[in-house]
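Right, one structure below, let's go through it.
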Amino acid sequence: MTVTELPEQQTAEQRSAEQPTPRRRRGDRPHPMDRVTAWAARGLIAFLYVPIAVVVVLSFNSSDVTYRWTGFSTHWYSVLLHDSDLLATLRTSAVVAVTSATLAVAAGLLAVIAMPHFGPKARALLSGGLFLPLVIPEIVLGVALLSVFAKLHITLSMTTLVLGHLVVILPYAALILLGAHGALDPSLEEAAADLGCGKLRTFFSVTLPLMRQALVAAWLLCFTISFGDIVMSTFTNGVGSTTLPLRVYSLLKGGLTPEINALGTLLILFTFLIILGVGLRQMRQILAGGDRPSS
C-alpha cells in the first residue's frame, strides 16, 4: 500500500463511521420480550411511586379515616402542628438518627483506616466482627442487647436506643467506606508523605477530602435506616425515648387518621428537597468542570 492511498482509506473509514445506524421501520414489529420488559418497568415504577402519591393526596382529605375521600382540606396539617406527642416522637427519631449515623460513620472510618495496618488474620477477624450483624436477624440482635442491658442493670433510655441503632447501621457504613478507601490511589498518600506531611495531616488533607462523597453517602444511608427502624427500637427504647415508627405502629390499634399522611407528605417533601439540593450541586460541579479550559 502506497502512502498516497492512506488518506483515501482513512476518509472512507471516517465516512462509514459517520453514517447513522439504520432505524427500525414502521412496519417492523418490536420483539415480544421488549414489550414484556417495558411493561415490567412501568409496573415497577407504579409499584414504587403510586403509594407515595396516594399518601400525598390523602393528606388533604377532610375525612376522619384514610380510606374514604370526602373533600379537600388542610385540616390535618393544622392538627399535626398541634400534636405535641407526635412531634416529640419525630424529634426523638431525628436526634437518634443523627447521633447514630454520625457515630457509625466515625467508627466505620476509623476501622477502615486501621484495617490495612493489621495482619491477614486480624483483618479477617475485624471484618467478620463488623459485617456479622448483616447476616443476623435484627430481632435476635434486639433480644441479645436487651439481655445485656438487663444483666448490667442499665436502664433503657435514649442512650440504649442509640447503641442499638449503632449495632444495626455500623456494618452499612463500614461497607461503603471500605469500598471507597480501597479505590483510593495509595500514591497520593505517599506523595503527601514525601512532601513532608505527617500521617495526621495526610489524613485530613488528602484521605478525608477524597472520601467526602462516600462519607456523605454512608451517613445518609445510616440516617435513613435508623430513622425508620422499628425492630431494634422495640427492644432498646425506654421512657421518653419512643420513636416515630413505634408511635405510628401504636396508632394502628385505634385506627390511622390523615394526620399520619400529612406527616408523611412533609417527610417526602423534605427528602425531595435534599435530593434536589444534591442534584443541583452535582450539576454545578459538572458544568464548572466543563467550563475549564483544556490544557
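Read-outs: derived from the displayed coordinates by stated rules, not from any lab. Here the structure is a predicted model, which means the values were calculated and not measured. No Cβ is skipped: glycine too gets one built from the backbone with ideal geometry, and neighbour counts run over all protein chains shown.
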Practice prompt. Take the Cα pairs of the chain, get the Kirkwood Rh, then feed it into Stokes-Einstein at 10 °C and 1.306 mPa s and tell me D in µm²/s.
Written response: 65
Practice prompt. Please give the length that would be gained between LEU267 and HIS117 if that part of the chain were fully extended, namely 0.36 nm times their separation in residues minus their C-alpha to C-alpha distance (nm, one decimal).
Written response: 49.8 nm
Response to the item:
FRET efficiency (ALA191, ILE45; Cβ distance; R0 51 Å; to 0.05) is 0.65
Response to the item:
With a Förster distance of 45 angstrom and the Cβ-Cβ distance between VAL98 and ARG29, calculated FRET efficiency to the nearest 0.05 equals 0.25
Worksheet item: Net charge near ALA97, counting Lys/Arg +1 and Asp/Glu -1 over other residues with Cβ under 13 Å of its Cβ?
Response: 0
Item to complete: Calculate one ³J(HN,Hα) per residue across region 147-156 by plugging θ = phi - 60° into the Karplus curve 6.51 cos²θ - 1.76 cosθ + 1.60, and present them in order as whole Hz with x for glycine and proline.
Response: 5, 5, 5, 5, 5, 8, 6, 9, 6, 5
Practice prompt. Extending each Cα 7 Å along its Cβ direction at VAL57 and THR159, get the distance between those two points in nm, one decimal.
Written response: 4.9
Worksheet item: Roughly speaking, what is the stretch gain from TRP69 to ALA150, that is 0.36 nm per residue apart minus the C-alpha to C-alpha distance, in nm to one decimal?
Response: 24.4 nm
Response to the item:
Any lysines whose Cα falls less than 29 Å from that of LYS121, other than same-chain ones fewer than 8 residues away, would be LYS199
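Evaluate E = 1/(1 + (r/R0)^6) for ARG212 and LEU276, where r is the Cβ-Cβ distance and R0 equals 25 Å; express this FRET efficiency to the nearest 0.05.
FRET efficiency, ARG212 to LEU276: 0.80.
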Worksheet item: Counting each DSSP H run of 4 or more residues in the chain as -39500 (n - 2.57), what helix-only mean residue ellipticity at 222 nm follows after dividing by all residues, to the nearest 500 deg cm²/dmol?
Response: -23000 deg cm²/dmol
Fill in: Around LEU166: net Lys/Arg minus Asp/Glu count, Cβ-Cβ under 15 Å
-2
Item to complete: Could you calculate the contour length gain from LEU251 to ARG284, that is, 0.36 nm times the residue separation minus the distance between their Cα atoms, to one decimal place in nm?
Response: 7.5 nm
Discussion item. Which one, ARG91, ARG29, ARG212, has the greatest fluctuation when you compute a Gaussian network model over the chain with C-alpha springs under 10 angstrom?
Written reply: ARG29
Worksheet, complete the sentence: One finds the C-alpha centres of region 70-109 and region 173-231 to be spaced, in Å, by 28
